[in-house]
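Enquirer: Once you've had a glance at the structure underneath, I'll fire off some questions.
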Amino acid sequence: MDTDTPYDIAAALLPLVGGPANVTSVAHCMTRLRLGLADRSRVDEDGLRALPAVLGIVDDDTYQIVLGPGVVARVTPEFEKLVGGGGEVAARGAELKESRQARNATPAKLLLRRIANIFVPLIPALIGCGVLAGLNGLLINMSWLPGLTPALSAVASAFLALISVFVGYNTAKEFGGTPVLGGAVAAVVVYPGVAKVTAFGVALSPGQGGVLGALAAAVLGTYVEKWCRTWVPAALDVLVTPTLTVLVAGLATLYGLMYAAGEISTAIGSAANWLLTTTGPFAGLILGGLFLPLVMLGLHQALIPIHTTLIQQQGYTVLLPILAMAGAGQVGAAVAVYFRLRHDTSLRTTIKSALPAGLLGIGEPLVYGVSLPLGRPFLTACAGGAAGGAFVGFFATLGDKVGATAIGPSGWALFPLLAGNRGLGTSMAIYGGGLLTGYAVGFVATYVVGLSGVVPVDASRE
């Protein structure tokens with residue numbers, strides 16, 4: 001079947017996951033179609049992996065089919081149409097979802113899932129605005145199109161200036177409150193008039209506390225709203241509940257949460273800068289080497305608010321370029337496997353199809369299709385990521401900061417989002433050097449020690 005169009009991809013996927021009756025929920029993130037399934041034994045996983053559009057499979061709390069950025073956003077609506085629409089899917093899957101969450105909802109998992117649900121929907125806007133910010137900076141440095149750069153700066157900066165409102169909206173939605181009330185309370189954080197308010201003897205600043213303050217404000221607002229609904233008469237609910245929610249949570253935000261969140265945000269920025277300027281190579285080694293295991297455990301989601309806070313404070317996050325080195329190690333390891341296991345035609349075919357995605361920062365196909373099943377190459381790939389991270393961290397100790405103006409992309413796709421304190425050229429050179437180091441160490445480590453005892457599949461049948 002031709003699977004070039006989103007409809008054709010969706011039509012090819014649906015029977016392989018057990019048909020419409022087996023699908024209880026449909027969602028997507030940056031690269032994955034995330035499905036709730038009633039019976040996972042009905043999935044034809046070999047058939048899914050054989051589809052050219054499928055880059056990998058992740059069997060987690062949801063069944064995740066890796067399609068890649070852009071593709072997944074186009075396929076998901078077509079898949080939902082074929083399944084029968086959001087209402088029918090939700091009705092079928094509500095009970096199964098509740099029982100599954102009851103089994104898996106440890107406090108840590110629930111917290112990380114909620115953090116992801118709040119921040120991941122914001123990533124496309126962060127990427128688009130980040131690319132525009134980088135382009136605008138280049139135009140300013142080159143003294144090109146001076147009449148356009150002020151407008152471009154406004155377009156690129158507007159979302160980041162109001163991101164707290166979107167965080168508040170998503171937070172209230174995630175915690176079961178009214179989303180627009182969460183946005184209204186979080187808007188207090190960025191309102192220019194807060195400069196006239198004094199808390200703890202200090203005048204507040206618009207934006208103080210950033211996304212952390214907005215998140216805390218919206219959570220508080222949600223609890224105030226739910227409390228109001230327990231005693232406010234139904235006839236007065238539409239008037240009293242929103243008023244008390246905004247009043248109580250808004251005042252608490254002004255006279256407590258903004259100040260506290262501001263101190264925490266400042267501490268995060270200071271800690272990140274101190275970590276890299278004083279222990280750069282070591283910090284890069286640890287972060288680059290452990291990032292992929294963190295991703296596999298879902299723990300990387302805890303870093304999203306930290307990245308966003310750094311972007312708000314400094315204009316870029318210094319952590320993402322280091323963490324992106326983990327993907328470079330995977331690429332180097334996969335290339336080593338390709339050359340060492342010459343007789344394993346199936347594995348080499350997987351590598352050839354997954355390598356372009358890996359170079360662009362989509363690591364799941366290489367991780368789940370190549371390095372992790374082989375075992376030791378996953379560790380040598382992490383060694384490559386550690387080496388690349390140490391390379392970038394070393395330059396941080398010399399005062400050369402390299403950051404990303406948005407979160408989401410990595411690999412070569414991160415180049416348009418790079419920024420730093422020494423100019424775009426220096427940032428690109430350091431980041432590119434880190435990628436090359438990750439490729440090289442991942443390749444050498446895997447080629448020399450990563451494949452000891454591994455028998456090619458095809459050779460074992462000879």
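The values are calculated or read from the model by the stated rules, or taken from the named source; none is laboratory data. All values reported here derive from a predicted model rather than from experimental measurement. So basically every Cβ, Gly included, is an ideal-geometry build from the backbone, and we count neighbours across all protein chains shown. Note: areas computed on protein heavy atoms with side chains; ligands, DNA, RNA excluded. Shrake-Rupley method; radii C 1.70, N 1.55, O 1.52, S 1.80 Å.
Enquirer: Could you tell me which of the residues Leu297, Leu285, Leu360, Leu323 is modelled with pLDDT of 90 or more and open to solvent by 40 Å² or more (accessible area, probe 1.4 Å)?
Expert: Matching residue, one of Leu297, Leu285, Leu360, Leu323: Leu285.
To keep it simple, each residue is scored yes or no on (1) within 19 Å of Phe291 (Cβ to Cβ); (2) out of contact with any strand residue (DSSP E or B) (no Cβ under 8 Å at 6 or more places or on another chain); (3) assigned to a helix (DSSP H, G or I); (4) of a type outside the set (A, V, I, L, M).
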position	(1), (2), (3), (4)
Ala336	no, yes, yes, no
His343	no, yes, no, yes
Leu355	no, yes, yes, no
Gly361	yes, yes, no, yes
Pro365	yes, no, yes, yes
Tyr368	yes, no, yes, yes
Ser371	yes, yes, yes, yes
Leu379	yes, yes, yes, no
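Enquirer: Restricting the search to region 4-53, which residues are in contact with a Pro (Cβ under 6 Å, 6 or more places away or on another chain) and of a type in the set (S, T, N, Q)?
Expert: Thr31
Enquirer: With Gly280, Gly209, Gly256 as the choices, which residue is within 23 Å of the chain's Cα centre (by Cα) and either of a type in the set (Lys, Arg) or open to solvent by less than 70 Å² (accessible area, probe 1.4 Å) (or both)? First the steps, then the outcome.
Expert: Working: Gly280 fails: within 23 Å of the chain's Cα centre (by Cα); Gly256 fails: within 23 Å of the chain's Cα centre (by Cα).
Just one listed residue meets the conditions, Gly209.
Enquirer: Given the residues Ala406, Ala413, Ala419, Ala445, which is the only one that is open to solvent by 20 Å² or more (accessible area, probe 1.4 Å) and either in contact with a Phe, Trp or Tyr (Cβ under 7 Å, 6 or more places away or on another chain) or outside any helix (DSSP H, G or I) (or both)?
Expert: Among Ala406, Ala413, Ala419, Ala445, only Ala419 is open to solvent by 20 Å² or more (accessible area, probe 1.4 Å) and either in contact with a Phe, Trp or Tyr (Cβ under 7 Å, 6 or more places away or on another chain) or outside any helix (DSSP H, G or I) (or both).
Enquirer: Those residues that are open to solvent by less than 80 Å² (accessible area, probe 1.4 Å) and touching a Ser or Thr at 6+ places or on another chain (Cβ under 7 Å), I need them from region 123-162; list them, please.
Expert: Gly130, Ala133, Gly134, Asn136, Leu139
Enquirer: Further question: Could you tell me whether Val188 is over 26 Å from Thr308 (Cβ atoms) and of a type in the set (Val, Ile, Thr)?
Expert: Judged against the criteria, Val188 is not a match.
Enquirer: Could you check how many residues of region 214-243 are part of a helix (DSSP H, G or I) and either of a type outside the set (A, V, I, L, M) or open to solvent by 80 Å² or more (accessible area, probe 1.4 Å) (or both)? Walk me through how you get there before you give the answer.
Expert: In the first step, residues of region 214-243 are kept if they are part of a helix (DSSP H, G or I); the result is 214-229, 234-243.
If we keep only those that are either of a type outside the set (A, V, I, L, M) or open to solvent by 80 Å² or more (accessible area, probe 1.4 Å) (or both) too, we end up with 221-223, 225-229, 234-239, 241-243.
Selection size over region 214-243: 17.
Enquirer: Wholly within region 258-331, which helices (runs of 4 or more DSSP H) include no fewer than the required count, namely at least 3 residues that are farther than 30 Å from Ala445 by Cβ? Even if it seems obvious, please write down each step before you answer.
Expert: Numbers: elements: 258-297, 304-314, 320-323.
Answer list for region 258-331: 258-297, 304-314.
Enquirer: Does Ala383 fit the bill of being open to solvent by 20 Å² or more (accessible area, probe 1.4 Å) and closer than 20 Å to Leu436 by Cβ?
Expert: yes
Enquirer: If a residue has to be assigned to a loop (DSSP other than H, G, I, E, B) and either free of Cβ contacts under 8 Å to residues at least 60 places away in the same chain or among the polar types (S, T, N, Q) (or both) to count, how many in region 1-49 make the cut?
Expert: Result for region 1-49: 13.
Enquirer: Quick check on region 12-30: of everything there that is open to solvent by less than 20 Å² (accessible area, probe 1.4 Å) and polar (S, T, N, Q), which residue is nearest to Gly128 (Cα to Cα)?
Expert: Thr24
Enquirer: Any residue in region 389-400 that's without any contact (Cβ under 8 Å) to a residue 40 or more places away in the chain: show its pairings with residues that are of a type in the set (Ser, Thr, Tyr) and open to solvent by less than 50 Å² (accessible area, probe 1.4 Å) at Cβ separation under 9 Å, as long as the two are six or more apart or on different chains.
Expert: Asp400/Ser427
Enquirer: Next up: Please enumerate the residues belonging to region 68-78 that are at pLDDT 90 or above and of a type in the set (Val, Ile, Thr).
Expert: Hits for region 68-78 are Val75, Thr76.
Enquirer: Residue by residue through region 34-67, note down the ones that are at pLDDT below 85, among the acidic types (Asp, Glu) and open to solvent by less than 70 Å² (accessible area, probe 1.4 Å).
Expert: Asp61
Enquirer: Only one of Leu355, Leu275 is surrounded by fewer than 23 Cβ atoms within 10 Å (Cβ to Cβ), of a type in the set (A, V, I, L, M, F, W, C), without any contact (Cβ under 8 Å) to a residue 40 or more places away in the chain and under 26 Å from Pro373 (Cα atoms). Can you tell me which?
Expert: Leu355
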